[in-house]
1. With an 8 Å Cα cut-off and a minimum separation of 6 or more residues, compute the relative contact order for the chain in percent.
2. Taking amide hydrogens as modeled 1.01 Å from N in the peptide plane, which residues meet the under 5 Å criterion relative to Arg160, leaving out close sequence neighbours?
3. Tally the DSSP beta bridges in the chain and give the antiparallel ones as a percent, rounded to 5.
4. Using square roots of five times the C-alpha gyration tensor eigenvalues, list the equivalent-ellipsoid semi-axes of region 17-60 in whole Å, biggest first.
5. What is the set of long-range amide H partners of Arg191 at a cut-off below 5 Å, with H atoms built 1.01 Å from backbone N?
6. For the charge dipole of the chain, defined by +1 on Lys and Arg C-beta atoms and -1 on Asp and Glu C-beta atoms about the Cα centroid, which residue among Trp233, Leu28, Ile300 has the Cα displaced farthest towards the positive pole?
7. Between beta-carbons, use under 10 Å as the cut-off and find the net charge around Ile319, counting Lys and Arg +1, Asp and Glu -1.
8. Note down the magnitude of the dipole of the chain about its Cα centre, charges +1 on Lys and Arg C-beta and -1 on Asp and Glu C-beta and zero elsewhere, to the nearest 20 debye.
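Every read-out reported here was derived from the displayed coordinates using simple, explicitly stated rules and does not represent laboratory data. Just so we're clear, the structure is a prediction, and the values are computed from it rather than from any experiment. Glycine gets a Cβ as well: all are built from the backbone with ideal geometry, and neighbour counts include every protein chain shown.
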Amino acid sequence: MDEKNPRARPGLSRPTIRDVARLAGVSLGTASKALSGQGRMRPETRRNVAQVAKDIGFHPNDLAQSLHRNRSYTVGIISNDNFGRFSFPIVEALEEQLASERFAVFMSNATDDPERERAHVAALMAKRVDGFVVTARRADRRPKLQIPANGPPVIYVFSRADDEEALCLLPDDEGGARLGVDHLVRLGRKRIAHVTGPEHFEAVRLRRDGWQKSLRSAGIEGSYLSGVWSEQWGRESVSKLFADRKTAPDAVFCGNDQIARGVIDALRERSIYVPSDVSVVGFDNWEVMAEAARPPLTTIDMNLKEMGRETGRLLMELIGGKHLHGTRRLPCSLVIRDSCGATRAAKH
């Protein structure tokens with residue numbers, strides 16, 4: 001017997017619940033209830049049983065417990081974000097949140113293929129997952145996940161189901177745009193242009209609306225250009241915006257960080273200095289892009305990790321039987337770097 005641990009069992013056999021009960025001096029039923037968190041008993045009895053189990057290295061059979069509780073303690077994630085730019089921070093925080101509840105996740109990539117998505121759903125249903133999380137590389141509407149009516153609950157994050165009964169978590173794109181443009185207004189900028197991506201994306205329209213509302217509130221004007229999500233489009237937009245220096249903007253609010261990088265590069269090529277001549281603000285806070293910009297880019301952070309944590313919290317409520325539905329937009333944050341005139345990084 002282990003001298004340091006008098007409760008350790010000799011030999012190589014795995015400890016059992018019967019060993020726990022014997023060493024703790026309780027019945028088999030009491031030991032089982034104590035370890036599963038069920039039943040009524042004195043707190044010191046529950047603590048003693050748990051300590052005995054820990055001392056002898058006993059781990060409850062997760063499969064047996066899941067069958068007993070009618071839960072698998074697993075969650076299925078369906079994503080079509082091939083690059084993981086948006087889904088990875090969400091899933092990382094979601095896993096951390098679920099770990100505190102002893103839940104594990106299975107992640108599947110559907111790559112915008114309905115047939116592949118159906119196959120993943122069938123496989124996850126066969127694993128008896130307790131819930132589904134659907135995420136994507138864009139927040140536009142999509143068909144709802146095809147699962148049985150009495151199947152596990154589903155939550156959409158950075159994704160939106162075409163179903164009024166669905167629960168969807170999205171960033172507040174309009175509010176994020178207002179954060180960025182209002183900041184430029186406070187810096188004294190009077191002609192704030194907006195360069196963004198394709199208008200068929202809902203996020204583009206919402207960010208445009210936020211830009212327009214901030215301009216109206218400040219009583220100033222600005223020019224608007226819609227193109228593609230690329231640095232090249234950012235560079236091309238500068239040629240359009242600065243064709244006439246007399247009417248050129250003194251600030252550019254960009255629909256994403258890639259566009260903003262292109263804008264900054266093109267301005268530098270024209271010997272127009274950022275931020276002394278023109279302030280630039282992006283959207284997404286893609287750190288590898290924003291921090292490597294010259295100068296580092298002020299941008300809007302969609303707080304994807306907080307979105308993942310909130311997804312985990314709400315999913316636990318759904319699994320617990322609570323009925324939740326509707327679209328919830330979570331606030332964004334302004335990350336201040338040098339491209340708007342600030343001298344140090346900050347988050348507001």
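1. Value for the chain: 15 percent.
2. Arg142
3. Beta bridges within the chain, antiparallel portion: roughly 10 percent.
4. Its equivalent ellipsoid spans semi-axes of 14, 10, 10 Å.
5. Amide H to amide H, under 5 Å and 5 or more residues apart or across chains, Arg191 pairs with Asp250, Ala251.
6. Ranked along the dipole, the leading option is Leu28.
7. Its environment carries a net charge of -1.
8. 1060 debye
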